[in-house]
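Read the structure below first, then the notes.
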Amino acid sequence: MTGAGNDVRGIWQRLPGRKPVIVIAAAVIAVLLIGGAVFAVTAGDDDPKPAPVANGPAPTTAAAAPTPTPSPTVQPGADIRGPLDLLLVGVDTRVAVPGWEPHADAVLILHVNKGLDSGYLFSLPRDLVVDIPKFPKSGYGGGRTKLTHAMSYGSKRGTAKPSAAQGYQLLSQTVSRYTGIKTFQAGAILNFGGFQKLVDELGGVDMYVDQKVVSKHRQPNGKARTLSGGDYIGPQATYNPGNRHFVGWQAIDYARQRYTAGGDYARQRHQQQLIKAILAKALSSGLPTDADALNRLLKALGRSVDVIAGERTAIDFVFALSKLTPANLKLVSLPGSGVGSGGGYQGEQLTSVGRGFITQLRAGKADAYLKAHPTLAVKR
């Protein structure tokens, strides 16, 4: 995986069909969720069953050699130790547009504690003003601009098609420089289509809508709104406060809206809530012990997911994080404000309280900091 100034040492894995390792890549979702499922599907019984007791006298012929005791199965990733940091990215990839450069539309960090049984999930604003380092692979000379552009600037390859894998390298270096998190042990990228497929494969998710959200992109029937003159026109899907059951397009549409009260900070919160809702639904549906359901999920995701696991395999991290459940995952909202110059908007910056959480997280004091700043904790 990459740290500050380092290249991605693993490969991007497009994992088709029945390979269980793809599940780690559904952003945080599979990393947290499917560890038990993979083990149930692949491991079998670790403990040898006792031999039946023989009836009657012992045979007079030479006794058979005793059966050796099988060596215990070593679980993949058993040697992985916490704490761990994973960088998870939702990407705006417009595959129908030739030469489109991928943008990091959602940037999330999952920090897993030393015992690998609890963690914190927080987002960085897509428009966070950061210093993006030089990146010779793409010819980018470095500069200070919005975080979302780091992946785009890093993805360029001359006349070749832009590479999201290469863009991720620059994005991770940028996030490392900003947060002080030196190394991300693994990462994943998922586009919005992948999230929609995942939600639909699970039969939808249940979410609490915490504010009224009017969609810029979808009609009430789920069809796309018409783009005319640079803006969308036509009836709009509306999500009112309360408990809701969302199918795939509704869940993604709700979680991607930033032209609403709270702007991108509200969207970050809704994306985190969606991830937790997906985890809860998958666990309640019995997916971790249902091999057929797991395989349907893998096929549904197809090529919507990419995984970076460094020198380790993705399956190692799936097993290592199998103790991490939604109940043990704390969602954290980092406050920020706009940055301007001469009356023009340049981007976002985190407040001192928001930056303080990252500092205390690195120091192993996140719980105490959240107790002192309870408004940072996302309740639902």
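Laboratory data are not the source of any read-out in this text; all were calculated from the coordinates shown. Predicted model, so just to flag it, every value in this text is computed and none were measured.
Amide hydrogen proximity for K330: with H placed 1.01 Å from N in the peptide plane, the residues at 5 or more positions away or on another chain lying under 5 Å are G119, Y120, L121. Among the listed pairs K114/K371; K114/K330; K146/K371; K137/K182; K146/K212; K276/K365, those with a Cα-Cα distance over 26 Å are K146/K371; K146/K212.
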